[in-house]
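Below: one structure, written as C-alpha coordinates.
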Amino acid sequence: MNSYRYDEIDIGKEEEFDVVVTGEMLDAFGIITGDVNPLHTDADYAGSKGYKGRVAYGMLTASFLSTLAGVYLPGKYSLIQSTEIKFAEPVYIGDRLNIKGEVTEKNDTYKLIFLKVTIRNGSGKKVCRGKMQIQVAED
Amino acid sequence: MTREKLFEEITEIFRDVFDDDSLVIVDETNADDIEDWDSLEHINLVVAMEKRFNMKFNIKEVGELKNVGEMADLILSKMA
(Lines give C-alpha, C1' and ligand atoms only; values in the text may rest on other atoms or scores of the structure.)
Protein backbone atom coordinates (compact mmCIF):
# COMPACT_ATOMS: atom_id res chain seq x y z
CA MET A 1 0.00 0.00 0.00
CA ASN A 2 1.25 3.49 -0.84
CA SER A 3 1.30 6.10 1.91
CA TYR A 4 1.93 9.39 0.14
CA ARG A 5 1.77 12.56 2.21
CA TYR A 6 0.17 15.67 0.73
CA ASP A 7 3.51 17.36 0.11
CA GLU A 8 4.84 14.32 -1.74
CA ILE A 9 2.12 14.51 -4.37
CA ASP A 10 2.56 16.80 -7.36
CA ILE A 11 0.05 17.75 -10.02
CA GLY A 12 0.37 15.23 -12.84
CA LYS A 13 1.17 12.30 -10.56
CA GLU A 14 -0.43 9.06 -11.75
CA GLU A 15 -1.13 5.66 -10.23
CA GLU A 16 -2.85 2.67 -11.81
CA PHE A 17 -3.61 -1.00 -11.29
CA ASP A 18 -5.41 -3.83 -13.08
CA VAL A 19 -8.17 -6.15 -11.94
CA VAL A 20 -10.12 -8.93 -13.67
CA VAL A 21 -13.88 -8.93 -13.15
CA THR A 22 -15.22 -12.34 -12.10
CA GLY A 23 -18.66 -13.89 -11.77
CA GLU A 24 -18.00 -14.29 -8.06
CA MET A 25 -17.54 -10.53 -7.76
CA LEU A 26 -20.94 -9.92 -9.37
CA ASP A 27 -22.55 -12.54 -7.12
CA ALA A 28 -21.01 -11.02 -4.00
CA PHE A 29 -22.01 -7.50 -5.04
CA GLY A 30 -25.59 -8.69 -5.60
CA ILE A 31 -25.69 -10.22 -2.11
CA ILE A 32 -24.23 -7.12 -0.43
CA THR A 33 -26.47 -4.61 -2.19
CA GLY A 34 -29.61 -6.64 -2.86
CA ASP A 35 -29.58 -5.49 -6.50
CA VAL A 36 -31.03 -8.57 -8.19
CA ASN A 37 -31.73 -6.91 -11.52
CA PRO A 38 -31.52 -9.72 -14.13
CA LEU A 39 -29.21 -7.68 -16.33
CA HIS A 40 -26.54 -8.53 -13.76
CA THR A 41 -27.67 -11.98 -12.66
CA ASP A 42 -29.13 -13.72 -15.74
CA ALA A 43 -26.99 -14.17 -18.84
CA ASP A 44 -29.97 -15.20 -20.99
CA TYR A 45 -31.93 -12.11 -20.03
CA ALA A 46 -28.90 -9.87 -20.64
CA GLY A 47 -28.43 -11.56 -24.03
CA SER A 48 -32.05 -10.84 -24.94
CA LYS A 49 -31.34 -7.16 -24.35
CA GLY A 50 -28.40 -7.13 -26.72
CA TYR A 51 -25.55 -7.65 -24.26
CA LYS A 52 -23.01 -10.39 -24.67
CA GLY A 53 -23.41 -11.70 -21.11
CA ARG A 54 -24.16 -10.66 -17.55
CA VAL A 55 -23.37 -6.96 -17.29
CA ALA A 56 -21.19 -5.98 -14.34
CA TYR A 57 -22.81 -3.55 -11.95
CA GLY A 58 -21.62 -0.05 -12.76
CA MET A 59 -21.17 0.54 -9.07
CA LEU A 60 -18.99 -2.56 -8.83
CA THR A 61 -16.72 -1.12 -11.50
CA ALA A 62 -16.75 2.21 -9.70
CA SER A 63 -15.95 0.51 -6.39
CA PHE A 64 -12.39 0.01 -7.61
CA LEU A 65 -12.00 3.77 -7.28
CA SER A 66 -12.08 3.13 -3.54
CA THR A 67 -8.99 0.95 -4.01
CA LEU A 68 -7.37 3.54 -6.27
CA ALA A 69 -7.62 6.17 -3.54
CA GLY A 70 -7.23 4.00 -0.45
CA VAL A 71 -4.33 1.85 -1.64
CA TYR A 72 -2.60 3.73 -4.48
CA LEU A 73 -3.19 7.50 -4.61
CA PRO A 74 -2.67 8.73 -1.96
CA GLY A 75 -3.02 5.33 -0.27
CA LYS A 76 -3.03 4.96 3.50
CA TYR A 77 -3.93 8.58 4.31
CA SER A 78 -6.87 8.79 1.90
CA LEU A 79 -10.20 10.34 2.89
CA ILE A 80 -12.53 10.33 -0.11
CA GLN A 81 -14.79 13.38 -0.07
CA SER A 82 -16.59 13.04 -3.36
CA THR A 83 -16.69 11.03 -6.55
CA GLU A 84 -18.39 11.86 -9.84
CA ILE A 85 -18.61 9.02 -12.32
CA LYS A 86 -19.98 8.28 -15.75
CA PHE A 87 -20.48 4.81 -17.12
CA ALA A 88 -19.54 4.88 -20.78
CA GLU A 89 -19.54 1.21 -21.81
CA PRO A 90 -20.72 -2.11 -20.34
CA VAL A 91 -18.29 -4.30 -18.41
CA TYR A 92 -18.47 -8.10 -18.60
CA ILE A 93 -17.18 -11.06 -16.62
CA GLY A 94 -13.60 -11.72 -17.68
CA ASP A 95 -12.82 -8.11 -18.57
CA ARG A 96 -9.44 -6.93 -17.37
CA LEU A 97 -9.91 -3.40 -16.12
CA ASN A 98 -7.20 -0.79 -15.80
CA ILE A 99 -8.02 1.74 -13.10
CA LYS A 100 -6.02 4.94 -13.33
CA GLY A 101 -5.95 8.24 -11.49
CA GLU A 102 -4.09 11.46 -12.28
CA VAL A 103 -3.77 14.44 -9.96
CA THR A 104 -5.13 17.49 -11.79
CA GLU A 105 -5.32 19.97 -8.93
CA LYS A 106 -4.37 20.44 -5.27
CA ASN A 107 -5.65 22.62 -2.44
CA ASP A 108 -3.15 23.50 0.29
CA THR A 109 -5.70 24.85 2.78
CA TYR A 110 -7.49 21.54 3.23
CA LYS A 111 -4.76 19.28 1.80
CA LEU A 112 -7.01 18.08 -1.01
CA ILE A 113 -6.06 16.35 -4.20
CA PHE A 114 -8.36 16.23 -7.21
CA LEU A 115 -8.09 13.23 -9.50
CA LYS A 116 -9.18 12.62 -13.05
CA VAL A 117 -10.05 8.91 -13.06
CA THR A 118 -10.45 6.54 -15.97
CA ILE A 119 -11.26 2.84 -16.11
CA ARG A 120 -10.51 1.04 -19.38
CA ASN A 121 -11.25 -2.51 -20.46
CA GLY A 122 -8.76 -4.90 -22.06
CA SER A 123 -9.38 -3.34 -25.48
CA GLY A 124 -8.40 0.06 -24.16
CA LYS A 125 -11.96 1.33 -24.32
CA LYS A 126 -13.00 3.75 -21.58
CA VAL A 127 -15.79 2.08 -19.58
CA CYS A 128 -15.92 4.58 -16.74
CA ARG A 129 -14.57 8.07 -16.19
CA GLY A 130 -14.92 10.68 -13.54
CA LYS A 131 -13.40 12.86 -10.87
CA MET A 132 -12.50 12.37 -7.24
CA GLN A 133 -11.86 14.81 -4.41
CA ILE A 134 -9.69 13.31 -1.70
CA GLN A 135 -8.29 14.74 1.51
CA VAL A 136 -4.84 13.55 2.49
CA ALA A 137 -5.09 13.05 6.24
CA GLU A 138 -2.45 14.10 8.72
CA ASP A 139 -1.32 11.90 11.59
CA MET B 1 -13.35 45.52 -6.00
CA THR B 2 -16.42 47.01 -4.31
CA ARG B 3 -18.19 45.05 -1.61
CA GLU B 4 -21.31 44.99 -3.79
CA LYS B 5 -19.43 43.50 -6.74
CA LEU B 6 -17.77 41.00 -4.41
CA PHE B 7 -21.18 39.89 -3.13
CA GLU B 8 -22.33 39.32 -6.71
CA GLU B 9 -19.37 37.01 -7.26
CA ILE B 10 -19.85 35.26 -3.90
CA THR B 11 -23.52 34.70 -4.74
CA GLU B 12 -22.48 33.15 -8.04
CA ILE B 13 -20.12 30.80 -6.18
CA PHE B 14 -22.85 29.78 -3.72
CA ARG B 15 -25.32 29.13 -6.55
CA ASP B 16 -22.73 27.04 -8.34
CA VAL B 17 -21.65 25.00 -5.28
CA PHE B 18 -25.22 24.33 -4.13
CA ASP B 19 -26.58 24.06 -7.68
CA ASP B 20 -29.39 26.44 -6.80
CA ASP B 21 -29.90 29.60 -8.86
CA SER B 22 -32.53 30.92 -6.46
CA LEU B 23 -30.10 31.41 -3.56
CA VAL B 24 -29.96 34.95 -2.22
CA ILE B 25 -26.85 35.65 -0.17
CA VAL B 26 -26.64 38.50 2.34
CA ASP B 27 -24.17 39.48 5.05
CA GLU B 28 -26.00 37.47 7.71
CA THR B 29 -26.31 34.25 5.66
CA ASN B 30 -24.76 31.30 7.51
CA ALA B 31 -24.86 27.51 7.50
CA ASP B 32 -28.23 27.50 9.29
CA ASP B 33 -29.84 29.19 6.29
CA ILE B 34 -28.84 26.66 3.62
CA GLU B 35 -29.84 23.06 4.23
CA ASP B 36 -26.96 21.51 2.29
CA TRP B 37 -24.27 23.70 3.86
CA ASP B 38 -22.44 20.96 5.74
CA SER B 39 -18.74 20.52 6.48
CA LEU B 40 -18.01 19.12 3.02
CA GLU B 41 -19.76 21.94 1.18
CA HIS B 42 -18.01 24.41 3.46
CA ILE B 43 -14.71 23.05 2.17
CA ASN B 44 -16.00 23.30 -1.40
CA LEU B 45 -17.07 26.92 -0.85
CA VAL B 46 -13.66 27.89 0.52
CA VAL B 47 -11.86 26.07 -2.30
CA ALA B 48 -14.07 27.79 -4.90
CA MET B 49 -13.43 31.22 -3.36
CA GLU B 50 -9.69 30.63 -3.25
CA LYS B 51 -9.77 29.81 -6.94
CA ARG B 52 -12.07 32.66 -7.96
CA PHE B 53 -10.19 35.34 -6.02
CA ASN B 54 -6.74 33.79 -6.47
CA MET B 55 -5.88 33.77 -2.76
CA LYS B 56 -5.18 31.31 0.03
CA PHE B 57 -6.88 31.11 3.40
CA ASN B 58 -5.73 29.20 6.44
CA ILE B 59 -7.91 26.78 8.36
CA LYS B 60 -7.95 28.98 11.46
CA GLU B 61 -9.22 32.11 9.75
CA VAL B 62 -11.97 30.34 7.82
CA GLY B 63 -12.93 28.39 10.94
CA GLU B 64 -13.62 31.62 12.81
CA LEU B 65 -16.05 33.06 10.24
CA LYS B 66 -19.63 33.40 11.48
CA ASN B 67 -21.38 34.38 8.26
CA VAL B 68 -20.88 35.36 4.64
CA GLY B 69 -20.35 39.00 5.55
CA GLU B 70 -17.27 38.05 7.56
CA MET B 71 -16.06 35.94 4.65
CA ALA B 72 -16.47 38.94 2.35
CA ASP B 73 -14.51 41.14 4.77
CA LEU B 74 -11.73 38.54 4.91
CA ILE B 75 -11.54 38.42 1.11
CA LEU B 76 -11.47 42.23 0.86
CA SER B 77 -8.71 42.43 3.48
CA LYS B 78 -6.59 40.01 1.45
CA MET B 79 -7.21 42.01 -1.72
CA ALA B 80 -6.09 45.24 -0.08
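The values are calculated or read from the model by the stated rules, or taken from the named source; none is laboratory data. A quick note: this is a predicted structure, and the numbers were derived from the prediction, not measured. Every residue, glycine as well, gets a Cβ built from its backbone with ideal geometry; the counts of neighbours run over all protein chains shown. The accessibility values were calculated without ligands, DNA or RNA, using every heavy atom of the protein model including side chains. Shrake-Rupley method; radii C 1.70, N 1.55, O 1.52, S 1.80 Å.
General observations
- Take each residue in A:77-86, count the other chain C-beta atoms within 10 Å of its C-beta, and the mean is 1.
- Taking 12 Å as the cut-off, the amide N atoms of the range A:121-139 that come nearer than this to a point 7 Å along the Cα-to-beta-carbon line of residue A:83 belong to A:129-134.
- Rounded to the nearest 10 degrees, the angle from helix A:23-33 to the longest Cα principal axis of chain A is 70 degrees.
- Label point distance in nm, residue B:70-residue A:31, each placed 7 Å from Cα along Cα→Cβ: 5.2 nm
- Zone of residue B:61's modelled label, taken as backbone nitrogen in the range B:9-45 under 18 Å from a point 7 Å along Cα→Cβ: B:10, B:43-45
- Kirkwood hydrodynamic radius of the range A:62-139, from inverse mean 1/r over distinct Cα pairs, in Å: 12.9 Å
- Positive-pole candidate from B:69, B:79, B:44, dipole of chain B, charges at beta carbon: B:79
- Computed from backbone phi, the HN-Hα couplings of the range A:43-48 come to 4, 5, 4, 4, x, 5 Hz, rounded to whole numbers (Karplus: 6.51 cos²θ - 1.76 cosθ + 1.60, θ = phi - 60°; Gly and Pro given as x).
- Sequence of B:42, A:40 from largest to smallest accessible area, 1.4 Å probe: B:42, A:40
- Förster radius 35 Å - calculated FRET efficiency between residue B:9 and residue A:137 (Cβ-Cβ, nearest 0.05): 0.65
- Length-normalised contact order of the range A:15-96 in % [C-alpha pairs under 8 Å, at least 6 apart]: 39 percent
- Peptides B:65-78, A:110-123 ranked from most to least packed, by the mean per-residue count of other Cβ atoms within 10 Å: A:110-123, B:65-78.
- Residues in the range B:33-59 occluded by at least 30 Å² - accessible area, probe radius 1.4 Å, against chain by itself: B:40, B:43, B:47, B:50, B:51, B:56, B:59
- You can think of it this way: the chain between residue A:22 and residue A:66 has 14.0 nm of extra reach, that is 0.36 nm per residue less the Cα-Cα gap.
- If you take all other residues with their beta carbon under 10 Å from the beta carbon of residue B:52, and give Lys and Arg +1 and Asp and Glu -1, the sum is -3.
- Counting Cβ atoms of other protein chains within 10 Å of each residue's Cβ and taking the mean over peptide A:105-118 gives 3.
- Cα shape, chain A, gyration tensor, a/c 1.5 rule: prolate
- Environment charge at residue B:2 (Cβ cut-off 14 Å; Lys +1, Arg +1, Asp -1, Glu -1): -2
- Taking all Cα pairs closer than 8 Å and separated by 6 or more residues, the relative contact order of chain A comes to 30 percent.
- Shape call, the range B:1-76: gyration tensor on alpha carbons, a/c limit 1.5: rounded
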